[in-house]
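Heads up, the thing below is written out as structure tokens.
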Amino acid sequence: MALVIFLFALPLLSQLVNAGSTAGSTTVRLHASTRPHVAAAAIPSRRLSLLSLQGEARSQSSASALRVERMKLLQSLRSKSQMLHALQYYGEVQIGTPPQRFTVIFDTGSGHLLVPSSKCDSPACSRHTRFWENKSSSAIPIGWADEPRTPAADDTDRDTQVINFAMGDCVGQFARDRVCLGSACADADFVEMTEESDDPFKNAEWDGVLGLGQALSDAAEFNIFGVLAQNATPGLTRPVFAVYLGRKIEDEAEITFGDYHEFRMDSPVKWVNVSEEGYWQFQFTDITVGGKPSGLCAKYGKRQCQGVLDTGSSLMMGPKADLDALLGLLGFVNDTQKNCTKADSFPKLGFLIDGQTLEMDPDDYMDRSSSAEAPTGTDVCWAHLMPVGDTGRGPIFVLGMPFMRAFYTIYNVRDKTIGLARAKHEAKHGSATVPGEVHLTALRPGGADLGGDGKRRSNEKPHATLLQRAAAGRSLRR
């Protein structure tokens, strides 16, 4: 069975619908948003998410200052790209018996399912769907992460975990219950959030996060897709999931669980081994610019360059020294932004992987637009690149959404391999290929912080009003 989840560019309030399923496939709506996703940093003594800002050796005050500085830079870069591209993709997961529905971000850079708990009385929780243990006949409270199948004697026997985020934090407890993606279900462990800070949760369009990291969970029972790949009812066709992201907000996008689609590929699949357990991380031997080797990976010796696929990152990131050199080779002269004209051309950006070069076109790694501040006849061009600090795993290149818009990515949890193929953006789903096809909805929320004229833009049908979505959301939260 293949489970397909569609990503939608949608709104402030998501409109949840039942999954459509037939023999062999299940289709569920996913939404893409232009509001930034702030990744989780760490469960104590563990690194939950790739984009951690709080190094263990930093003081709290130092960490706070760095978080603020980095978020300002991220917001500046995002405000330029969100006119064209979605910044997060989220969809539905069901937990419990009977099922309780949640919208979650699907994040390959973390390893746990996090949803708000009914025990949470924080203002941020009250605005989202919460998990009610006492309304699920299959719920089991779990005391400790290292005993993922042992029920807690009572609430005093449950470990409490603090989870730090880039601009906030939450507190959670462990639980075990029936977890479903579409019609594929299995018993798995997850985290109930009992406290949430206002930022980033209060105004989020999603309820929680579903981590799809390769080996980042506290125990195998917390790895949701790993559990589904082995024990799902009905069973999945293959132990893989695949990610396709459209170029623009209004384009199709999807995550397919249990299989992958050749019609999404414009080249054969290049398979590469996971080079280091944890993230979906692989080795590449060089970065090419205009087909010419840059030699940037030579200084790393046998380790060479390490790339990490991360659906939670809206940019591509890497060590500052490498990005400065790369920006210069791309024609940006150590800055991510420059004035340009239509006559200016930019080179292709490539990654040499096991003897094969996978290239991104300029439109894949950069954008251009007109600006009132630029001279007449001049555009502003910017590259979707940003330096990243120490992640605790040595120098790495985070290949986020710009890379994933260029390449169809496949993740094999059994063989610990990654498949990469040039994405075929002209292909469209049809009911004969994937039953339960749904219309994709796109949104650019209004607001002065989003750049442009601040007007709300969407390809929604006229009858799908914000009031209707709000009413649907309230009914589901009761």
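The values are calculated or read from the model by the stated rules, or taken from the named source; none is laboratory data. Not measured: the values here are computed from a predicted model. Ideal geometry is used to build each Cβ from the backbone, glycine not excepted, and the neighbour counts take in all protein chains shown. Accessible surface areas use protein heavy atoms only, side chains included; no ligands, DNA or RNA. Shrake-Rupley method; radii C 1.70, N 1.55, O 1.52, S 1.80 Å.
Tell me which residues come under 5 Å, amide H to amide H, from Phe131 once H is placed; ignore anything under 5 positions away on its chain.
Result for Phe131 returns Ser117, Ser118.
Counting just the Cα atoms, what span does region 114-170 cover along each of its three principal axes? Round to the nearest Å and put the largest first.
Extents along the principal axes, in whole Å: 33, 25, 17.
Which length gain, in nm to one decimal place, applies between Gln304 and Lys342 when the Cα-Cα distance is subtracted from 0.36 nm times their residue separation?
My answer for the length gained is 10.1 nm.
With no solvent and one equal point scatterer per Cα, compute the Debye intensity ratio I(q)/I(0) for region 290-400 at 0.11, 0.14, 0.17 Å⁻¹ and report its log10, rounded to two decimals.
-0.38, -0.60, -0.86
Output the pairs from Lys348/Lys416; Lys202/Lys320; Lys119/Lys320; Lys248/Lys302; Lys248/Lys320 with a Cα-Cα distance over 31 Å in this structure; if there are none, say none. Please report the intermediate quantities before stating the final value.
Values: Lys348/Lys416 29 Å; Lys202/Lys320 33 Å; Lys119/Lys320 43 Å; Lys248/Lys302 38 Å; Lys248/Lys320 28 Å.
Lys202/Lys320; Lys119/Lys320; Lys248/Lys302, as the Cα separations exceed 31 Å there.
Can you give me the distance in nm between label points at Ser126 and Asp159, each placed 7 Å from the Cα along the Cα-to-Cβ direction?
Going by the 7 Å Cα→Cβ label model, 3.2 nm.
At a 1.4 Å probe radius, carbon and sulfur cover how many percent of the accessible area of region 289-332?
On the way: 1030 of 1650 Å².
Of all accessible area on region 289-332, carbon and sulfur atoms account for 62 percent.
How large is the convex hull of the C-alpha atoms of region 92-139 per residue, in Å³? Kindly include the intermediate steps, with their values, before the conclusion.
Details: hull volume 4.2 nm³, N = 48.
It comes to 87 Å³ per residue, whole-number rounded.
Quick check: net charge around Phe403, other residues with Cβ under 10 Å of its Cβ, Lys/Arg +1 and Asp/Glu -1?
Taking every Cβ under 10 Å from that of Phe403, the sum is -1.
How much accessible surface does Val162 have with a 1.4 Å probe, in Å² rounded to 10?
Around 70 Å² of this residue is reachable by solvent.
What whole-number volume per residue, in cubic angstrom, does the convex hull of the C-alpha atoms of region 191-339 give?
Convex hull of Cα atoms, per residue: 212 Å³.
What's the FRET efficiency of Lys292 with Ala215 using the Cβ-Cβ distance as r and R₀ = 41 Å, to the nearest 0.05?
E between Lys292 and Ala215, to the nearest 0.05, is 0.70.
What percentage of all Cα-Cα pairs in region 225-297 are separated by more than 15 Å?
72 percent
Give the peptides 308-314, 172-178, 288-294 in descending order of average Cβ contacts within 10 Å, highest first.
308-314, 172-178, 288-294
Under a 1.4 Å probe, what is the accessible area of region 326-386 per residue, stated in Å²? The partial results should precede the final answer.
Values: 3030 Å² over 61 residues.
For region 326-386, the per-residue accessible area is 50 Å².
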